[in-house]
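Report on the structure given below.
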Amino acid sequence: MFIDIVAGLGVAGDAHAGTTVKHRSRVAVDPTQPNLRQVHLIASELLDEVNGLGFEVAPGALGENITTQGIDLIGLPRGTILAIGEVRLSVTGLRNPCSQIEKFSPGLLKLMVGKREDGTPLLRTGIMTIVLKGGSVRAGDAIEIALPAEPHIRLERV
C-alpha cells in the first residue's frame, strides 16, 4: 500500500490537496490563504491511547494521511523537515481538532486537547505539513527528522 504525494499540493486525490486552503472554515474566512495543511500526520500512540479508553479509532479514521510510530510529532518545532524516502515535508503546525471528531465518536474530542506546561492548550490531533518534494510513501517507510536552526518555534494550530 502506498500514497502519492505531490510537491506543493499534498496527497494525490485528497480533498485537502492544493496550494490554497481547502478546509471549509478556512475557505469561509479567506479562500486565498496558502494551504499549510497539505499532509496530516498523527501518532499511532495517540490512537493506541484512545482505543485503550474504549474508543475504536483506526489509522486514517481522523483524516490523517500518514500514521507514525515512535516520533513525538507535536513536540517538533515549526520548519522541521521530515524525509520519507524521496518525499520531503515541512512541518507547519498542529491540526486544530474540530467538531467532526466529536461526530465521529462522542467524547473523543475532549481527549484530543491537553495542556502544555505553561497552561496553554495542547492540540494532540497530529501535525500538518506542506510538501517540498513529492513521491510515493509506503507503509513501513522510515521517517528521518531534520530540525531547523535554533531558536526553535513551537507548533501552534494551523
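The values are calculated or read from the model by the stated rules, or taken from the named source; none is laboratory data. Since this is a predicted model, take the numbers as computed values, not measurements. Note: ideal-geometry Cβ built from the backbone for every residue, glycine included; neighbour counts use all protein chains shown. These accessible areas exclude ligands, DNA and RNA; they are computed on the full protein's heavy atoms, side chains included. Shrake-Rupley method; radii C 1.70, N 1.55, O 1.52, S 1.80 Å.
Observations
- In segment 128-148, the residues that are open to solvent by 80 Å² or more (accessible area, probe 1.4 Å) reach residues that are in a loop (DSSP other than H, G, I, E, B) and among the hydroxyl-bearing types (Ser, Thr, Tyr) with C-beta atoms within less than 6 angstrom, at least six apart or across chains, in these pairs: Leu147/Thr80.
- Here Thr67 meets the list (1) in contact (Cβ under 8 Å) with a residue 60 or more places away in the chain; (2) of a type outside the set (Phe, Trp, Tyr); (3) in contact with a strand residue (DSSP E or B) (Cβ under 7 Å, 6 or more places away or on another chain) almost entirely, failing just condition (1).
- Flag if Leu122 is more than 12 Å from the chain's Cα centre (by Cα), of a type in the set (A, V, I, L, M) and open to solvent by 40 Å² or more (accessible area, probe 1.4 Å): no
- Some residue of segment 30-39 being open to solvent by 60 Å² or more (accessible area, probe 1.4 Å) and assigned to a strand (DSSP E or B): yes
- Lone unmet requirement of (1) open to solvent by 60 Å² or more (accessible area, probe 1.4 Å); (2) over 14 Å from the mean Cα position of the chain (by Cα); (3) within 25 Å of Val6 (Cβ to Cβ) for Leu53: (3)
- In segment 120-158, residue modelled with the lowest pLDDT [restricted to those that are over 17 Å from Arg78 (Cα atoms) and not in a strand (DSSP E or B)]: Thr120
- Of everything listed in (1) in contact with a helix residue (DSSP H, G or I) (Cβ under 9 Å, 6 or more places away or on another chain); (2) more than 16 Å from Asp141 (Cβ to Cβ); (3) modelled with pLDDT of 95 or more, the single unmet condition for Ala43 is (2).
- Segment 17-29 - residue that is open to solvent by 60 Å² or more (accessible area, probe 1.4 Å) and either touching a residue at least 60 places away in the same chain (Cβ under 8 Å) or assigned to a loop (DSSP other than H, G, I, E, B) (or both) and, of those, nearest to Ala142 (Cα to Cα): Thr19
- Residues that are part of a strand (DSSP E or B) and open to solvent by less than 30 Å² (accessible area, probe 1.4 Å) within segment 71-119 comprise Pro77, Leu82, Ala83, Ile84, Val87, Leu89, Ser90, Val91, Thr92, Gly93, Leu94, Gly114, listed in sequence order.
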